[in-house]
Amino acid sequence: MKRLVVAVSTLAALTASAAAPGKPDPKQIARGKYLVTIGGCNDCHTPWKKTPEGVAWDMDRMLSGHPDTLPMPAAPLNAEPWGLAFGNTMTAFSGPWGTSFSRNLTPDPETGLGAWTERDFIATIRNGRHLGRGRPLLPPMPWFNYREATDDDLRAIFAYLRSIPAVKNRVPDPRPPAAAPATASAETR
Ligand code: HEC
């Protein structure tokens, strides 16, 4: 009888430590935060701001992508062998692929990942396409590194992204490469 009581209470303790289905699991969220930190997601998805001590992430807009309040003019043409231009906020990037803007990863349902399922997120990272089947993700999003993560790790990242404050910020669509500039042609030389 005593043994049965011990077994039952052990089972109860085990059940209590595992999060109920559908409820956020603090351990999983902490793991996700760790992976987002070492994965450098803030570098591109949190806008940088100038402070008296130098540039810093604007944590009021954590992981909310390129700010819709900052329209970007066409990037200056790059002189070879320079090939890329990054905006001051480190959320707008221009190169041979055109101009891309880091996306809103917060749980805002309209402008962030609020309407995404865990499956959508994992498929996006694994296939390098929007929602796993849409348009290919543009540089410099390094999805081909993150796709090596285990399902558990990607789930943890998604759980963490679900837990952060939602920020309403509609990131602009990417722009195609500018038409080749009209330069001196063979005839005019
Ligand atoms: C070097 C910059 C950079 C880093 C680091 C980075 N991203 Fe991105 N990410 C981008 C850019 C730019 C886009 C938009 C690409 C596009 O529009 O095709 C993007 C797009 C995404 C998307 C697709 C959203 C959508 O609507 O399809 C997801 C999801 C995402 N990033 C998650 C992450 C996560 C999670 C991390 C860290 C583990 C991370 N990113 C790190 C630059 C980066």
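Readers should treat all values here as calculations from the given coordinates under stated rules, not as data from a laboratory. Since the model is a prediction, treat every value here as computed from it, not as a measurement. Quick reminder, even Gly has a Cβ in these numbers, built from the backbone with ideal geometry, and neighbours come from all protein chains shown.
Take the Cβ atoms of Thr117 and Arg147, set R0 to 25 Å, and the FRET efficiency comes out at 0.90.
Each Lys or Arg adds one and each Asp or Glu subtracts one; over the other residues with Cβ under 14 Å from the Cβ of Ala123, this totals +4. Extending 7 Å from the Cα toward the beta-carbon at both Lys168 and Asp60 defines two label points whose distance is 1.6 nm. For the range 32-134, applying the loop criterion from DSSP together with a ceiling of 11 other beta carbons within 10 Å to the trypsin sites (Lys or Arg not before Pro) yields Arg133.
Based on the mean of other beta carbon atoms within 10 Å per residue, what is the order of 163-172, 85-94, most packed first?
Result, highest mean first: 85-94, 163-172.
Classify the range 88-176 as rounded, prolate or oblate, taking a ≥ b ≥ c as the square roots of the eigenvalues of its Cα gyration tensor: rounded when a/c is under 1.5, otherwise prolate if a/b is larger than b/c and oblate if not. Judged from the Cα gyration tensor, the range 88-176 comes out oblate (a/c at least 1.5, b/c at or above a/b).
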